[in-house]
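The values are calculated or read from the model by the stated rules, or taken from the named source; none is laboratory data. Predicted model only: the values in this text are computed from it and were never measured. For neighbour counting, all protein chains shown are included, and Cβ atoms are generated from backbone atoms with ideal geometry for every residue, glycine included. For accessibility, only protein heavy atoms count, side chains too; no ligands or nucleic acids. Shrake-Rupley method; radii C 1.70, N 1.55, O 1.52, S 1.80 Å.
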Amino acid sequence: MSPRALFYLTAANFLGGASYLGSAYALRGYSATAVVFWRTLLGMIVFIPFLIRALKRRYSKGQWTRMAAVAVFGYAAPLILGTIGQDWSSATNASLLVGIEPVSITLLSALFLGERLMPLRAAAIAGGIAGASLIVLQGIPFWNASIQPQVRGDLLL
């Protein structure tokens with residue numbers, strides 16, 4: 001791996017992890033919708049060169065419709081739901097629960113797309129869910145876990 005690629009991966013990981021702390025501070029003074037708006041606007045500014053390049057290409061009406069659907073259902077809706085969930089939860093739980101998103105993607109891919117769920121992958125998924133549950137619930141689920149006041153936000157996340 002090149003040093004440049006390693007730098008970009010490290011920067012993306014740092015910025016992604018720090019975004020929950022930043023969102024937690026922003027939610028102290030702004031609504032979840034305002035936080036999402038400003039976060040999206042700042043991110044959009046970074047992607048203006050890519051937008052200009054994309055607008056030079058000729059896309060069909062169907063391609064624009066699919067891109068709009070991905071923008072709404074793949075970006076905006078999860079971002080708003082995640083920010084509302086974080087507002088109702090904590091930054092720690094939000095960063096942990098959002099970190100297990102790949103688990104959901106893997107399970108949904110197996111369920112709806114027919115992808116094979118190999119035993120090692122299933123064990124890793126079970127371990128990820130168990131670990132996140134132990135931390136978020138402050139104990140073993142259905143045994144000694146306690147329901148915290150932020151359970152609504154945790155469930156939404």
(message) What number comes out for accessible area per residue over the chain if the probe is 1.4 Å? Units Å², please.
(response) 75 Å²
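Answer rounded, prolate or oblate for region 1-78, using the Cα gyration tensor with square roots of eigenvalues a ≥ b ≥ c: rounded when a/c is under 1.5, else prolate when a/b is larger than b/c, else oblate.
Values: a/c = 2.35, a/b = 1.21, b/c = 1.94.
Here region 1-78 falls in the oblate category.
Under a 1.4 angstrom probe, counting protein chains only, how are Leu97, Leu42 ranked by accessible area, largest first? All intermediate terms of the calculation are to be shown ahead of the outcome.
Values: Leu97 25, Leu42 110 Å².
I get Leu42, Leu97, largest accessible area first.
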(message) With unit charges on the beta carbons (Lys and Arg positive, Asp and Glu negative) and the dipole taken about the Cα centre of the chain, which residue among Ser95, Thr65, Ala122 sits farthest to the positive side?
(response) Thr65
(request) Over the chain, with every protein chain in place, what whole percent of the accessible area is carbon and sulfur at 1.4 Å, could you tell me? (result) 70 percent
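Viscosity 0.890 mPa s, temperature 25 °C: give me the Stokes-Einstein translational D for region 1-138 in µm²/s, with Rh taken as the Kirkwood radius over C-alpha pairs. Working shown, then result.
Values: Rh = 17.8 Å.
Rounded, D is 138 µm²/s.
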(request) Mind jotting down the distance between the C-alpha centroids of region 39-55 and region 83-141, whole Å? (result) 30 Å
(request) For region 63-144, just say rounded, prolate or oblate: build the C-alpha gyration tensor, square-root its eigenvalues into a ≥ b ≥ c, call rounded for a/c under 1.5, and beyond that prolate if a/b exceeds b/c, oblate if not. (result) oblate
(request) Please name which of Gly131, Met1, Ala77 has its Cα lying farthest along the dipole of the chain towards the positive end, using unit charges on Cβ (Lys, Arg +1; Asp, Glu -1) and the Cα centre as origin. (result) Met1
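Nearest 20 debye, what's the magnitude of the dipole of the chain about its Cα centre given +1 on Lys and Arg Cβ and -1 on Asp and Glu Cβ?
Numbers: 12 positive and 4 negative charges, 173 e Å.
Charge dipole of the chain: 840 debye, to the nearest 20.
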